[in-house]
Amino acid sequence: MIRTRLAIAFALLALLAGLQGGFAWWAASSAAHHAERSVVATRLLAGYLALSGDKQRLKVWFAERMLSGEADPNVRDRLIASMWASVGELRELLPLAESDPAGPERQAVEAVSLNISALERAVLEADRADGGPIPPQEWRRVILAFDESAGQDMRLLLREAVQRHHAASLRESAALARALAHARKANTAMALAVVLLALAAVVYFLHAIERPFAQLARVTEDLGRGDFQARSGLSGRDEFSRIGQLLDSMAGRLEEARIRSAALQQRLDALVGERTRAVTQAYESLLELESRRRRFLAELGHELRTPATVIRGEADLALRGSGEPDTLRQALRRIVEACEELAARVRELLEAAREGRVAYALQVQGVPLAAVVAAAVEQMQAVAQHRGIRLAVRAVPAGEAMVAADRERLQQALVVVLDNALRYLDAGGRVEVEVGQDADGAWVQVDDDGPGMAAEELEQAFEPHFRGRAGRERDARGLGLGLSIARRIVAAHGGNIELVPRQPQGLSVRFTLPAGVPA
């Protein structure tokens, strides 16, 4: 079986690759170990050399100080500090150099530390403030402190430490070189084995696959040209023979099917003409219905965003507020109202999905326009405060301006306009709402001092998914549905909506609705 032989070949290649990877990992780990130990030995060697050099420089300084009295004490302090720093670095490197806490390396460092401590005391005591000569025995005691400590010859101890770590550094460097050489040889051998095995497998499988593959390709081309009499002629139990037998069987069935299909073709041609006209009409109806459904769902999704924005704004203000019970209670009340509006939008979506309708149903009754405006302003007040924008009602008519409207839908249209005004304003901006009534009917006007819209953009502002340049620059995530929704709602109430640029900047949105109450 070709499949079994392929599996064996790939398994061998995978095994060799795994062995090569494992050995490479081991070689890298070994090299890293030797490199680390070489670095530690080199740093210990440098520490001991620095310590020995600083001691020698301190000895020279002491002799100059005692003979001439002109040596700078700052040099002495700096050399002593440098020696202690070298001791500290040696102590940090000890855990990396040997595992025994009481090993010879630890003892050597502690002996050096005791010597430096004794040397420091001796030098400071001998350096008299009056600068006078010191007795010969004091001179010998200080000089002896440079070279001996507790009966140990510090020169010999430092020299042995330097030689020991120099040898260790050379030894680890040589071990690192050997490990890298072994790794190169082993990797080369394994890579060569993988290449040879892969070449052997390629040659073998090319030879084993070429003939049956050529036969299968020939019969496939013949079948593709429509010659259903073609046969592969393959026999056996391998995969190619099985495929050839299946192709031969399929060719026979295709020949039978071709005869039957010729008879069916004539009947199908007659049916296709009739069905095409019906399908075309149904398809056009479905496209129209789908377009209306998508528009309805997009607008409903836009409506769901406003209550969610109000809930978040109220929650943020409550969290940042003073914590007064009345303030929190009012915020929670407004959150509940926004949640009820959100639930109403969700119910409408569910009813629309259940009933298959793609339009809003209005419940018209007489409502005071000022009350609708006050409710919309209160609903968006938290959003305005959260964004640092002043939102206020500028003026209301002396009498009740009554309109025949669906209160929720009319409030929704006003909230959409307020949300647009607040969304594109910077902190410190201002939005004002004015309610009035004249001979044309009742009206509401929303003024803002935001970026506004260019004159050439006003004609397209009410088209779905259109957004002005300033709006795109300030908020790239908008959908461009707000004004389209507001116009549909106002038009459903028999009113109109218009946009007027303000000077020096800003935009005025004005609703005009027929005054009066339903009969």
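Only the coordinates and a few stated rules stand behind these numbers; no lab work does. What you see is a predicted model; the values in this text were computed from it and never measured. Cβ sites come from the backbone with ideal geometry, for glycine too, and all protein chains shown count toward neighbours.
Compared with the alpha-carbon gap, the fully stretched path from L206 to D438 is longer by 74.3 nm at 0.36 nm per residue.
For the peptides 173-183, 249-259, 441-451, the ranking by mean Cβ contacts within 10 Å, running from highest to lowest, is 441-451, 173-183, 249-259. For region 360-513, the fraction of C-alpha pairs farther apart than 21 angstrom is 41 percent. Between L264 and R121, the modelled label-to-label distance comes to 11.1 nm, taking each label 7 Å out from Cα in the direction of the beta carbon.
If the chain linking A17 and A35 were pulled fully straight, counting 0.36 nm for each residue of separation and taking away their Cα-Cα distance, it would gain 3.9 nm. You can think of it this way: the chain between A24 and L114 has 27.8 nm of extra reach, that is 0.36 nm per residue less the Cα-Cα gap.
Under 18 Å from a label point set 7 Å out along the Cα-to-Cβ vector of A371, the amide N atoms of region 408-450 belong to 408-415, 435-437, 442-444.
A simple spin-label model places the labels of A167 and A217 7.1 nm from each other, with each point 7 Å out along Cα-to-Cβ. Considering only alpha-carbon pairs that sit under 8 angstrom and 6 or more positions apart, the relative contact order computed for region 360-513 is 24 percent.
Taking R0 as 22 Å, what's the FRET efficiency between E284 and F466 from their Cβ-Cβ distance, rounded to 0.05?
Approximately 0.30, to the nearest 0.05.
Loop-located GluC sites (Glu not before Pro) in region 23-84 (DSSP state not H, G, I, E or B) with no more than 15 neighbouring Cβ atoms inside 10 Å: E70.
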